[in-house]
1. Which far-off residues, 5 or more places away or on another chain, put their amide H under 5 Å from the one on L105, with H placed in the peptide plane?
2. Subtracting the Cα-Cα distance from 0.36 nm times the residue separation, let me have the gained length for A33 to Y307 in nm, one decimal.
3. Ordered by residue, what ³J(HN,Hα) values in Hz, to whole numbers, does the stretch 204-212 give under the Karplus form 6.51 cos²θ - 1.76 cosθ + 1.60, where θ = phi - 60° and Gly and Pro are x?
4. What distance in nm separates the two pseudo spin-label positions at A335 and S91, each 7 Å out from Cα along the beta-carbon direction?
5. In percent, how large is the relative contact order of the chain, given Cα pairs closer than 8 Å and 6 or more residues apart?
6. Got a sec? How would D312, D34 order by Cβ neighbour count within 10 Å, fewest to most?
7. Picking from M135, P104, P94, whose Cα lies most toward the positive end of the charge dipole for the stretch 89-149 (charges on Cβ: Lys, Arg +1; Asp, Glu -1)?
8. When the Kirkwood hydrodynamic radius is evaluated over all pairs of different C-alpha atoms of the stretch 252-339, what value in angstrom, to one decimal, is obtained?
Amino acid sequence: MKSFASDNYSGVLPQIMEALQKANDKHARSYGADDITARTIAKFRQIFDSEVDVYFVFNGTGANVLSISSATQSYNAVLCADTSHIYCDESSAPETFTGCRFFPLTADEKGKLSIETIKTRLIRQGDVHYPQASMLSITQATEYGTLYTPAEIKEIAALCKEHGLYLHVDGSRFFNAAASMDCSLADISGNAGVDILSLGGTKAGMMFGEAVVVFNKELSKHIAFKHKQVMQLASKTRFIAAQFEAMLVGELWRATASHANKMAQLLHTALSAHPSVSITKPTQANAVFAIIPRSWYEPLQEHYPFYIWKDDTHEVRLMCSWDTQEDDIRAFTNAISKLS
């Protein structure tokens, strides 16, 4: 079975398996005091061209909870898109662990937040009767697979700074975004004014693990203690760090993310040729959004699982992964042709 449901469905990159095996060769100090973790953090600092602090965590929810909790108090508010993962798809974990109010802002048709929309919630600062906004979180690539450009992030970051907010990026598909825009990881994070980044590894082909990258040193005051408090400090940290090292050395991430993005473009083109299919969003990373007939759901999903995004409009989300092949796309579109 090949799935278009999520890049979480894909397997593990061979290079990652090799890195895990090497990390398993001998004993090493625990809780991040090992040589592999030190070496990987040094690589992060080289790539981001900054003395970033890096905290390895088990999963994306953990990365977001750690990032947000490092910048907030329980009387604060977090601003985010109404489509964002932290608001729609992490149960109540962010609210539970941070105690904060989450204000969903209406995303545009591309799933992005505009400056004008953000400004609507920059109100009542200093009012003890109102949750005090402390952080804005944006998603890169967005839930619709669209991208914030470096210029757009800089503009948002400037607004956040003007109003005393930290800027967080939920980057579960951050590698896909950078590959699509042919830019560096720093260009859409620290160099653009981002304070803290949840950097995804699992969707990119790792077995497990994400990283929290801290650019703003103000957030480093308490984050090590938060790391432990939110249960994301791995005793065998080296097995997460080793995977990131393999992803970063030689820009393996760029090759694999570029492939996934290319497959999404091929899928977009193939689906566009079918008169019964309507593409609904720009295909900028590794996601394709389309409206298909409701009667196609079951026969297609029997062999090619995918997510129904909006059942009332028959909009579906189709994700490509590092291991998606052209043959998979041909087989999927041939199955559609038989249903047309």
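Here, each number is a calculation from the coordinates, and none is a lab measurement. Just so it is clear, the structure is predicted and the values come from calculations on it, not from any experiment. Quick reminder, even Gly has a Cβ in these numbers, built from the backbone with ideal geometry, and neighbours come from all protein chains shown.
1. C80, A81, D82
2. Result: 94.6 nm gained on full extension.
3. 8, x, 7, 6, 6, x, 9, 9, 9
4. Each label point lies 7 Å from its Cα, and together they span 3.1 nm.
5. 25
6. D312, D34
7. M135
8. Kirkwood hydrodynamic radius for the stretch 252-339: 13.1 Å.
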